[in-house]
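The values are calculated or read from the model by the stated rules, or taken from the named source; none is laboratory data. These numbers were taken from a predicted model, which means no experiment stands behind them. Reconstructed Cβ throughout: ideal geometry from the backbone, glycine too, with neighbour counts over all protein chains shown.
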Amino acid sequence: MVYQGNRITVTMLEDGIANMQYNAENESVNKFDAETNKQFGEAVSALEKADNVKGLIVTSAKGVFIAGADITEFVGSFKKSESEIKDWVVHVNDAFNRFEDLPFPKVAAINGAAMGGGCEMTLVCEYRVMSDKAIIGLPETQLGIFPGFGGTVRSTRIIGIDNALELIATGSPKKALAALKLGLVDATVPADDLQDAAIDLVKKCISGELDWKAKREEKLAPVKLNQLEQAMAFNSAKGAIFAKANPKQYPAPAIAIETIEKHVNLSRDKAIEVEAAGFAKAAKTPQAESLVGLFLNDQLVKKLAKKHSKQAHDISEAAVLGAGIMGGGIAYQAASKGLPIIMKDIKSEQLDLGMGEASKLLGKMVERGKMTPAKMGETLSRIRPTLNYGDFAETDIVIEAVVENPNVKRAVLKEVEGLVKDDCILASNTSTISITFLAEALERPENFVGMHFFNPVHRMPLVEVIRGEKSSEEAIATTVALASKMGKVPVVVNDCPGFLVNRVLFPYFGAFDLLLKQGADFAHVDKVMEKFGWPMGPAYLIDVVGLDTGVHGAAVMADGFPDRMKPDYKGAIQHLYDNERLGQKNGIGFYKYEMDKRGKPKKVADEATYELLKATTDSEKQTFDDQAIIDRTMIAFCNETVRCLEDNIVSTPSEADMAMIMGVGFPPFRGGPCRYVDQMGLDNYLALCEKYAHLGKAYEAPQKIRDMAAAGETFYATA
């Protein structure tokens with residue numbers, strides 16, 4: 001035994017070959033947390049003193065090679081100063097450099113995911129052999145940072161500047177063959193042959209058959225490209241990368257490129273220092289704080305879903321009532337995850353529409369090479385369309401997805417309750433109607449919950465699971481388990497008009513309507529909010545949702561929260577709807593819609609809209625600068641999010657933020673409305689609310705914000 005730790009061991013195998021194995025005790029995966037970094041340094045010291053080692057392989061005893069750094073430690077680490085972060089990264093790199101400099105060849109045997117720091121661990125080896133089932137990548141830019149354990153230095157020297165920039169900027173992992181083609185690994189083999197292949201490579205290095213010292217030297221020296229070639233590589237990469245990621249919204253790729261430009265002509269040790277400085281710069285951006293927080297929130301939401309699911313009963317078959325686009329989307333989602341599902345409707349034309357929707361979605365996967373035609377057929381066979389309830393006797397959960405009409409829903413739910421087994425869960429895919437109200441029609445209200453999917457079902461990750469007054473924990477648990485089984489992220493919320501997402505969204509639309517009433521240009525508002533980070537501005541969003549849906553939802557919200565959601569004027573959305581404008585549904589809303597070459601609706605300006613809106617605009621128009629538009633819309637949005645926390649509609653800021661990002665596209669780099677308020681500062685946010693409080697109740701700061709500000713609290717811990 002060369003070294004023994006509870007994260008890393010180094011043992012001798014044969015012929016002077018050592019095995020450094022990662023096997024974190026009591027952990028599901030290996031990761032570079034503080035203890036692992038410490039033990040790695042100790043293991044390197046032990047290897048420096050060992051005189052019987054001729055070569056070494058790096059392996060993992062877990063299904064994942066190394067998942068990367070421990071992101072939970074980032075929150076505390078990134079609160080330090082930029083210089084302290086740089087010093088920490090340089091210190092960690094010292095062990096990586098010393099490992100790289102050991103006087104014998106090293107081969108990484110990549111058996112599973114080697115991500116972030118795990119990928120960087122493989123790069124300090126002279127050779128990398130990869131299982132055909134593994135993946136490898138540098139996903140750090142998705143957290144608002146970039147590789148800091150030598151990843152930008154070694155990757156540019158191993159696979160070239162252009163390939164390294166693409167790998168780092170996109171953060172996309174590579175499968176074995178793609179990694180081999182890129183030169184990121186030297187060989188791929190079946191999983192069962194991995195360790196033998198790694199040992200064989202080491203033996204070839206020891207015998208002199210492979211020049212491992214030359215492989216190492218490539219990584220220690222500057223990049224072998226002249227200045228013109230370097231300029232071409234950087235310029236082309238910048239064009240491609242910045243076209244996909246706005247540097248002001250997502251600065252990490254830009255900082256990574258800037259850092260790499262500074263170090264490509266330096267030796268390894270000097271380049272590592274430059275990388276550490278760039279890493280520290282990225283780590284101190286608000287985007288890094290938001291994206292790291294987003295990752296941790298995602299983990300928390302999934303952990304809560306697992307906790308909820310413990311009381312679930314088994315789900316071997318589901319059913320959806322109502323075919324059409326939504327029903328077909330729900331059926332597709334279940335079937336694509338291996339769950340048999342019955343799709344029931346009263347009209348065969350609707351069943352055809354639902355099956356057509358599922359077929360269309362699966363067909364696109366076949367076109368993209370992500371599914372074989374045989375697999376498509378197998379998936380479709382899991383959907384059983386039917387016009388009657390004959391097959392419902394053994395169904396475990398039924399999702400009602402009929403028209404958004406309370407009387408129709410109550411009638412359908414009451415009918416199906418009498419045809420299913422006593423412990424079958426009923427779930428309504430309603431977006432606004434009270435679950436407690438719908439449950440009044442049922443004999444077993446404890447078995448009834450809300451299950452709100454977002455459209456389009458196959459793209460939107462969020463599912464709101466709504467607890468009515470009489471919903472049992474088992475019903476909630478089973479619905480959460482179903483959502484997870486369908487590949488969705490469930491957030492449990494309590495019942496109220498609009499539940500969580502729509503309750504928060506409608507004050508945002510209300511703020512937009514008020515801006516238009518006072519003279520703002522809807523197209524300008526869209527541009528401002530898209531620049532802020534929304535995937536689409538409010539006018540475009542309501543066109544996509546449907547103005548009819550918007551008007552219906554607004555009426556529900558006005559009844560539920562008249563003090564802040566019942567305007568005393570007729571707004572633009574209502575007026576356009578009254579003039580038979582539904583948005584994309586009928587090709588005209590705020591914008592006109594024409595089909596592009598790919599058959600997708602493309603918005604174009606419509607002068608007639610401005611004529612129509614004159615009827616709802618004040619005679620004395622106001623002008624608004626961009627910041628005023630942002631402040632007014634975001635105050636209404638954030639205030640309602642906080643009120644949902646006050647009212648215990650949602651339990652935690654983490655769940656609220658994740659729901660807004662996954663449900664309506666709140667800018668991820670801003671972390672969610674609660675994170676947005678934190679980063680603004682609660683006192684500053686209160687001052688903004690005071691500034692606009694004259695506009696109405698929606699703009700007045702909730703008491704929770706006032707109390708938190710007075711106590712010096714934030715939504716997320718500051719240390």
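Listed by position, the strands (runs of 3 or more DSSP E) inside segment 309-394 whose residues that are touching a Lys or Arg at 6+ places or on another chain (Cβ under 8 Å) and assigned by TED's automatic domain parsing to the domain that holds Ile476 number at least 3 are 318-321, 341-344.
Reported count of residues in segment 636-671, each being β-branched (Val, Ile, Thr) and more than 14 Å from Arg503 (Cα to Cα), is 2. The single residue among Glu646, Glu655 that is within 30 Å of Gly468 (Cβ to Cβ) and touching a strand residue (DSSP E or B) at 6+ places or on another chain (Cβ under 6 Å) turns out to be Glu655. Check Gly144, Gly171 and return the single one that is in contact (Cβ under 8 Å) with a residue 60 or more places away in the chain and not β-branched (Val, Ile, Thr). That would be Gly144, the only listed residue that is in contact (Cβ under 8 Å) with a residue 60 or more places away in the chain and not β-branched (Val, Ile, Thr).
In segment 402-424, the qualifying residues are those that are farther than 28 Å from Asp548 by Cα and in contact (Cβ under 8 Å) with a residue 60 or more places away in the chain, and the one that is surrounded by the most Cβ atoms within 10 Å (Cβ to Cβ) is Val416. Take the conditions (1) surrounded by fewer than 20 Cβ atoms within 10 Å (Cβ to Cβ); (2) under 23 Å from the mean Cα position of the chain (by Cα); Glu655 misses just one of them, which is (1). Among all residues of segment 639-646, there is at least one that is within 24 Å of Glu713 (Cα to Cα), of a type in the set (Val, Ile, Thr), in contact with a helix residue (DSSP H, G or I) (Cβ under 9 Å, 6 or more places away or on another chain) and not in a loop (DSSP other than H, G, I, E, B). Here the condition is being outside the structural domain of Arg467 (by TED's automatic domain parsing), touching a residue at least 24 places away in the same chain (Cβ under 8 Å) and either under 30 Å from Ala477 (Cα atoms) or among the polar types (S, T, N, Q) (or both); of Leu266, Leu291, it holds for Leu291 alone. Considering segment 425-439, and only residues there that are β-branched (Val, Ile, Thr) and at pLDDT below 95, the residue that is surrounded by the most Cβ atoms within 10 Å (Cβ to Cβ) turns out to be Thr430.
Let's see how each residue does on (1) modelled with pLDDT of 95 or more; (2) over 30 Å from Ser290 (Cα atoms); (3) out of contact with any His (no Cβ under 7 Å at 6 or more places or on another chain):
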position	(1), (2), (3)
Leu201	yes, yes, yes
Gly208	yes, yes, yes
Ala221	yes, yes, yes
Leu228	no, yes, yes
Phe242	no, no, yes
Lys248	no, no, yes
Thr259	yes, no, yes
Arg268	yes, yes, yes
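Within segment 552-565, is there a residue that is outside any helix (DSSP H, G or I), in the same structural domain as Thr633 (by TED's automatic domain parsing) and either among the hydroxyl-bearing types (Ser, Thr, Tyr) or more than 17 Å from Asn455 (Cβ to Cβ) (or both)? The answer is yes; a qualifying residue exists.
Checking each residue of segment 545-564 against the condition of being of a type in the set (S, T, N, Q) and touching a helix residue (DSSP H, G or I) at 6+ places or on another chain (Cβ under 8 Å) gives no match. Please find, within segment 493-506, the residue that is surrounded by the most Cβ atoms within 10 Å (Cβ to Cβ) out of those that are more than 17 Å from Met460 (Cβ to Cβ) and in contact with a helix residue (DSSP H, G or I) (Cβ under 7 Å, 6 or more places away or on another chain). For segment 493-506, the residue satisfying everything is Phe506.
Residues in segment 599-651 that are over 14 Å from Asp526 (Cα atoms) and either small (Gly, Ala, Ser) or in contact with a Ser or Thr (Cβ under 6 Å, 6 or more places away or on another chain) (or both): 6 in all. Under 21 Å from Met529 (Cα atoms), surrounded by fewer than 24 Cβ atoms within 10 Å (Cβ to Cβ) and of a type in the set (S, T, N, Q): does that describe Gln703? When the stated conditions are applied, Gln703 does not pass them.
The set of residues from segment 666-712 being farther than 26 Å from Leu541 by Cβ and in contact (Cβ under 8 Å) with a residue 12 or more places away in the chain comprises Leu682, Asp683, Leu686, Gln703, Lys704, Arg706, Met708, Ala709. When segment 395-452 is filtered for residues that are in contact with a Cys (Cβ under 8 Å, 6 or more places away or on another chain) and among the hydrophobic types (A, V, I, L, M, F, W, C), the ones remaining, listed by number, are Ile397, Val398.
Against the definition (exposed (fewer than 15 other Cβ atoms within 10 Å of the Cβ) and not in a helix (DSSP H, G or I)), how does Asn30 come out, yes or no? So Asn30 fails the test.
Residue-level check: of (1) over 22 Å from Gly278 (Cβ atoms); (2) among the basic types (Lys, Arg); (3) outside any loop (DSSP other than H, G, I, E, B), Lys86 misses just (1). Taken as a whole, the structure leaves Thr386 outside the set of residues that are within 21 Å of Glu473 (Cβ to Cβ) and either hydroxyl-bearing (Ser, Thr, Tyr) or more than 29 Å from the chain's Cα centre (by Cα) (or both). For Ser619, the requirement of being farther than 30 Å from Leu294 by Cβ, in the same structural domain as Pro673 (by TED's automatic domain parsing), outside any helix (DSSP H, G or I) and out of contact with any Leu (no Cβ under 7 Å at 6 or more places or on another chain) is met. Pick from segment 146-183 the residues that are more than 20 Å from Phe234 (Cβ to Cβ) and among the aliphatic types (A, V, I, L, M): which of them is surrounded by the fewest Cβ atoms within 10 Å (Cβ to Cβ)? Ranking the candidates gives Leu177 first.
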